[in-house]
Amino acid sequence: MAVMKYSRQREAIKEYLSQTIEHPTADTVYMNIRKQYPNISLGTVYRNLNLLAEQGEILKINCRDGSDRFDGNPNPHYHFICNGCGRVFDLEMESIDHINVIAGEHFKGNIEGHITFFYGSCPDCNQ
């Protein structure tokens, strides 16, 4: 893997994502990073978010509405996506890695992992 050249802007993006429990869109990241780097472009934010996701330093979550959300926690965990407001939440739950074995029983290839999203209504939308 090639070594990435250090970038203050990229580090600021990582820092912002590590400090929030929200799963912001690139536009939200851009609006927050502009406070520190007023001359940063939206394209630079998009490129850095995609690069960080490709490097496994953050997660890129593809939502059903076509938007992408970003998560500063790259460790395996599960997400809930609200059908009402579109917010993304981390789910605190035990691992369901055993589904890899179940899936492997019906597949002749090699199952290496899974990505699972849960959908429904968040507590705010339920009210």
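For the chain, the 222 nm mean residue ellipticity estimated from helices alone, with every DSSP H stretch of n ≥ 4 adding -39500 (n - 2.57) and the total spread over all residues, rounds to -9500 deg cm²/dmol.
What is the dipole size for the stretch 1-97, taken about its Cα centre, with +1 at each Lys and Arg Cβ and -1 at each Asp and Glu Cβ, in debye to the nearest 20? Working shown, then result.
On the way: 11 positive and 13 negative charges, 121 e Å.
Once rounded to the nearest 20, the dipole reads 580 debye.
Taking the charge dipole of the stretch 38-127 about its Cα centre, with +1 at Lys and Arg Cβ atoms and -1 at Asp and Glu Cβ atoms, the residue from 76, 95, 120 reaching farthest to the positive side is 120. Note on residue 107 and residue 83: with the Förster distance fixed at 30 Å, the Cβ-Cβ geometry gives a FRET efficiency of about 0.55. Short-range pairs are left out: with C-alpha atoms under 8 Å and at least six residues apart, the relative contact order of the chain is 21 percent.
For the chain, the longest piece that avoids every one of the chymotrypsin sites (Phe, Trp or Tyr not before Pro) found in DSSP loops with at most 16 other C-beta atoms within 10 Å covers 7-106.
In straight-distance terms, cross-link reach from residue 5 covers every one of the lysines whose alpha-carbon lies under 27 Å from its own, apart from those fewer than eight places away in the same chain; here that gives 14, 35, 60.
Only the coordinates and a few stated rules stand behind these numbers; no lab work does. Since this is a predicted model, take the numbers as computed values, not measurements. Quick reminder, even Gly has a Cβ in these numbers, built from the backbone with ideal geometry, and neighbours come from all protein chains shown.
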